[in-house]
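So the structure is just underneath, and the comments pick up after that.
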Ligand SMILES: *Cc1c(COP(=O)(O)O)cnc(C)c1O
């Protein structure tokens, strides 16, 4: 169905950051399947994990447990909130992880949710109900209701919106789809205090920002808070579909037998893929690499006057093109594609970069070197 508009090209193969289309043209992928290909394309560790698991046990349904699934739940709990009791529900995507979290919030006996302006939480009816963009939501109303939006990062507005009837506050620590807006640690800490005061759950949607992309396992880790719910997906299994809804403390036990389910969620192949991603991030020092390469990319991009602002953390980077003589963001994406680079526009003047965590200094430098020429060419498109 024509939900995505015409595809930009037809891709045939990939290795590392390089992808090749069906005509044999190659591109360097600075979008990584929208923050999904953590290890780049065709990483040997991911290939091995998926092949070995599929050859051993591919799928069994959730009537049964499998070793990779249990091990992944334990690893995710240890990475998310070491020493805190919790439980994990596995799904197949970000929106589904958020659906599980939304159902958990209803089990508090309350229905009111406070979400952020410019938030993106997915396209299913429940996660859509939390998404602030009216154009996404309105064609599908009525949606699950009782949602209030407050300006992202505004602790006073948040405090005013939350009361003793609030089930949860949902925040992306970095808003990816909005063009990479970063919440301050002070805002995340305030959100923790406000929700605790009112007995509401603090739910962090780390679907795009989590799993090492910011140089931390979770983008919220520098804030030093323990949330009640964390949702993960995108980069979690490096391209194999998976989502996870992590419930910490009492939030982990609000769903009871019969309350929720999934046929595929957390299947052994997807779980083995996620374990391989985690092991490779650790083994190849990819948190450190994400931090270093993100800084290198941001400072290189900011050097051009046409770039008015560069935002982000690690290898989730956004910029605004409103300096003198700046071209439109979609024209820059087109000029980049002509020159062999895949990047993404999140708005008329906003560009997003989400390269794999394995991106090298040479790849970043090559892009930074090409950047002024891409902007020149985009002006004439
Ligand atoms: C992509 C995204 C989702 C939705 O994930 P899907 O896998 O596309 O359903 C939800 N929340 C955030 C923050 C995202 O970036």
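Quick note: the coordinates plus some simple rules give every number you see, no bench work behind them. Source: prediction; values computed, not measured. Note that each Cβ is placed from the backbone with ideal geometry, even for glycine, and that neighbours are counted across all protein chains shown.
In what order do 136, 152 fall by count of nearby beta-carbon atoms within 10 Å, going from fewest to most?
136, 152
When the Cα centres of the stretch 194-223 and the stretch 234-267 are compared, how far apart do they sit, in Å?
16
Among 226-232, 110-116, 52-58, 91-97, how do they line up by average Cβ neighbours within 10 Å per residue, starting with the highest? Intermediate results must be reported in sequence, preceding the final value.
Values: 226-232: 27.4, 110-116: 22.1, 52-58: 13.6, 91-97: 24.6.
Listed from highest to lowest mean packing, they are 226-232, 91-97, 110-116, 52-58.
Can you give me the three principal axis dimensions of the stretch 47-283 from its C-alpha atoms, in Å, biggest first?
54, 36, 34 Å, listed from the longest principal axis down.
Relative contact order, percent, of the stretch 223-378 when contacts are C-alpha pairs under 8 Å separated by at least 6 residues?
17
Using only DSSP helix segments of four residues or longer, with each worth -39500 (n - 2.57), what per-residue ellipticity at 222 nm results for the chain after dividing by its residue count and rounding to 500?
-11000 deg cm²/dmol
Could you please rank 225, 242, placing first whichever residue has the fewest other Cβ atoms within 10 Å of its Cβ?
Ordered by Cβ neighbours within 10 Å, fewest first: 225, 242.
Between the alpha-carbon centers of the stretch 282-343 and the stretch 1-46, tell me the distance in whole angstrom.
18
Quick check on packing: order 171-179, 121-129 by the mean number of other C-beta atoms within 10 Å, highest mean leading.
In decreasing order of mean packing, 171-179, 121-129 become 171-179, 121-129.
What FRET efficiency would be calculated for the residue pair residue 51, residue 84, taking the C-beta separation as r and a Förster radius of 45 Å, to the nearest 0.05? Before the final figure, lay out the partial values.
Details: r = 34 Å, r/R0 = 0.76.
Plugging the Cβ-Cβ distance into 1/(1 + (r/R0)^6) gives 0.85.
According to the square roots a ≥ b ≥ c of the eigenvalues of the Cα gyration tensor, what is the shape class of the stretch 1-151, taking rounded for a/c under 1.5, prolate for a/b larger than b/c otherwise, and oblate for the remainder? Don't skip to the end; give the middle numbers.
Numbers: a/c = 2.18, a/b = 1.21, b/c = 1.81.
Verdict is oblate for the stretch 1-151.
By DSSP, what percent of the beta bridges with both residues in the chain are antiparallel, rounded to the nearest 5?
Numbers: 32 of 49 bridges.
Bridges in the chain that DSSP calls antiparallel: roughly 65 percent.
Quick one: in the stretch 162-286, what % of C-alpha pairs are over 25 Å apart?
Summing the P(r) tail past 25 Å for the stretch 162-286 gives 30 percent.
Sorting check: for 205-216, 12-23, which peptide has the highest mean count of neighbouring beta carbons within 10 Å, and how do the rest follow?
Descending mean neighbour count gives 205-216, 12-23.
Expressed as a rounded percentage, what relative contact order does the chain have, with Cα pairs under 8 Å and six or more residues apart?
Computed value for the chain: 22 percent relative contact order.
Within a 10 angstrom radius of the beta carbon, how do 140, 264, 4 rank from fewest other beta carbons to most?
Final ranking by Cβ density, sparse to dense: 4, 140, 264.
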